[in-house]
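Heads up: the structure comes next, in structure tokens.
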Amino acid sequence: MEAFFCKELIRQEVTSERFIPIPEEVREAYRIYRPSPMFRAIRLERLLKTPAKIYYKYEGVSPPGSHKPNTAIPQAFYNQKEGIQRLTTETGAGQWGSSLAFAGMIFDLKVTVYMVKVSYDNKPYRKVMMGVYGAEVFPSPSNKTQIGKKILEDDPESPGSLGIAISEAIEDCVNSKNTKYSLGSVLNHVLHHQTITGQEAIEQIKMAEDYPDIIIGCVGGGSNFAGIANPFYYEKIRGKAVKETHFIAVESTAAPSFTEGEYTYDFGDTGCMTPLLKMYTLGHGFIPDPIHAGGLRYHGKAPITSLMVKNGDIEPRAHHQVDAMQAAMTFIQAEGLIPAPESAHGLKAVIDEALKCKKTGESKTILTLLSGHGYFDMKAYESFLGGKLEPYIMAKDKIESTVNEIRHLNP
Ligand SMILES: *Cc1c(COP(=O)(O)O)cnc(C)c1O
């Protein structure tokens, strides 16, 4: 793994240490936007006429607008400390690319971003943001790499996928000097950095003299969900939790690895360059429909979160983008804040649970991580308002064929 990652991040990836101190340089950068606020959505509760209490912790306050800088900052810091000069990465909707560009700017590293082509074309302002933070951005598949060239030969119109962009970023990294690769989700060290949100949330909800019965988040690769959930789960298994918290992870029906995929070994990327990961996956050859929640278009899910789903510690759900955006509209009507389409998938489950409480009369406490704002996602809202949004649900036979392709990895 030293071909891709700096030593400290590999150490964190495989360590059995329970807590790792946050370096002062990282704390100082976090102070730009941390602690992030937790709000009680009283107006949403009132609108739904629910006895449930709804809290959301809001990661849209980071300069790039999502939870992703929580790991981009420490990753950039550890790489700089080990003398690395450039980081390569992929980005889907652009949130990860802009977060790493931001972190690279803080710690004086060059950043090269391979951006999934469909997003490169649909989300031009994220691209500009990365440029403002000093990063270079290529649409993926690109002709900067062998795998990109090969995919373009087979299909010049390829919309790209996260898996392809990961392969390009890794290829660029291993062929360059003083360059490492950086991943914005899925891996243990990424989930670990994200637990800053759950640790803050424990303190914040105690200040409100409350405790969550239910914790809900959206899942792309799993990092924002694990960030809010894992610290509460730790309290739960230690018998320190005030309540038997129930965890709900919401994926997109366009990339439904938890609910339709298989728990098995697979590559993290289309080019088969990563180590094999045991996770819920749709197969590394899976190319999802071009949904607006670009952050939820990955074929696999974090090994830690996958194991928790497998063990029944987390309830997985899948929602399509029309239901998600409808939930976002309800949230906006009450709270004003415009959520990212990814976060909207979690909000759909929040509203479902709040309406269940209305039926049963239970006053449950629901906590969600609102992973980012949607102010760069006006195209998604425009499509929704124009009634042009497709409720993409991936066909079962398409899933079966890409899952079949990985059977030989698991004799
Ligand atoms: C990237 C992203 C996600 C999904 O990624 P995870 O690693 O599962 O958190 C969710 N919400 C937003 C706003 C994102 O940018």
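Residues that are within 14 Å of the ligand (Cβ to nearest atom) and farther than 13 Å from Val250 by Cα within region 332-353 comprise Leu337, Ile338, Pro339, Ala340, listed in sequence order.
Counting only residues that are within 13 Å of the ligand (Cβ to nearest atom) and either of a type in the set (A, V, I, L, M, F, W, C) or surrounded by fewer than 24 Cβ atoms within 10 Å (Cβ to Cβ) (or both), region 274-287 holds 1 of them.
Here's the yes/no breakdown for (1) in contact with a Phe, Trp or Tyr (Cβ under 7 Å, 6 or more places away or on another chain); (2) aromatic (Phe, Trp, Tyr); (3) under 26 Å from Leu109 (Cα atoms):
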| position | (1), (2), (3) |
| --- | --- |
| Ala135 | no, no, yes |
| Ser140 | yes, no, yes |
| Ile147 | no, no, yes |
| Ile151 | no, no, no |
| Pro156 | no, no, no |
| Gly160 | no, no, no |
| Ile164 | no, no, yes |
| Ile170 | yes, no, yes |
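Within the option set Ser176, Ser142, being polar (S, T, N, Q) and crowded, with 19+ Cβ neighbours inside 10 Å holds for one residue only, Ser142.
For first residues located in region 294-311 and in contact (Cβ under 8 Å) with a residue 12 or more places away in the chain and among the polar types (S, T, N, Q), partners that are surrounded by fewer than 24 Cβ atoms within 10 Å (Cβ to Cβ) and in a helix (DSSP H, G or I) and lie 6+ apart or on another chain with Cβ distances below 9 Å form the pairs Thr305/Asn230. Annotation note: of Glu24, Glu17, the sole residue that is at pLDDT 95 or above, surrounded by fewer than 15 Cβ atoms within 10 Å (Cβ to Cβ), more than 29 Å from Ala169 (Cα to Cα) and among the acidic types (Asp, Glu) is Glu24. Within region 365-373, is there a residue that is closer than 24 Å to Glu45 by Cα, assigned by TED's automatic domain parsing to the domain that holds Asn230, surrounded by fewer than 24 Cβ atoms within 10 Å (Cβ to Cβ) and more than 16 Å from the ligand (Cβ to nearest atom)? Yes, some residue in region 365-373 is closer than 24 Å to Glu45 by Cα, assigned by TED's automatic domain parsing to the domain that holds Asn230, surrounded by fewer than 24 Cβ atoms within 10 Å (Cβ to Cβ) and more than 16 Å from the ligand (Cβ to nearest atom). When Gln199 is tested against (1) within 15 Å of the ligand (Cβ to nearest atom); (2) within 15 Å of Glu59 (Cβ to Cβ), just one condition goes unmet, and that condition is (1). The criterion of at least 3 residues that are touching a Gly at 6+ places or on another chain (Cβ under 7 Å) is met by the following strands (runs of 3 or more DSSP E) wholly inside region 249-343: 276-281. Apart from one condition, Gly160 fits all of (1) away from the ligand (no atom under 14 Å from the Cβ); (2) at positive phi; (3) at pLDDT 95 or above; the exception is (3).
When region 208-248 is filtered for residues that are over 26 Å from Leu162 (Cα atoms), within 16 Å of the ligand (Cβ to nearest atom) and assigned to a strand (DSSP E or B), the ones remaining, listed by number, are Ile215, Phe247.
Quick check: anything in region 323-338 buried (at least 16 other Cβ atoms within 10 Å of the Cβ), farther than 30 Å from Lys206 by Cα and aromatic (Phe, Trp, Tyr)? Checked region 323-338: no residue is buried (at least 16 other Cβ atoms within 10 Å of the Cβ), farther than 30 Å from Lys206 by Cα and aromatic (Phe, Trp, Tyr). For region 1-17, residues that are in contact with a helix residue (DSSP H, G or I) (Cβ under 8 Å, 6 or more places away or on another chain), not aromatic (Phe, Trp, Tyr) and not in a helix (DSSP H, G or I) total 4. As for region 44-64, it holds no residue that is aliphatic (A, V, I, L, M), outside the structural domain of Gly83 (by TED's automatic domain parsing) and surrounded by fewer than 14 Cβ atoms within 10 Å (Cβ to Cβ).
The values are calculated or read from the model by the stated rules, or taken from the named source; none is laboratory data. None of these values were measured; they are calculated from a predicted model. Heads up, the Cβs are rebuilt from the backbone with ideal geometry, glycines too, and the neighbour counts pull from every protein chain shown.
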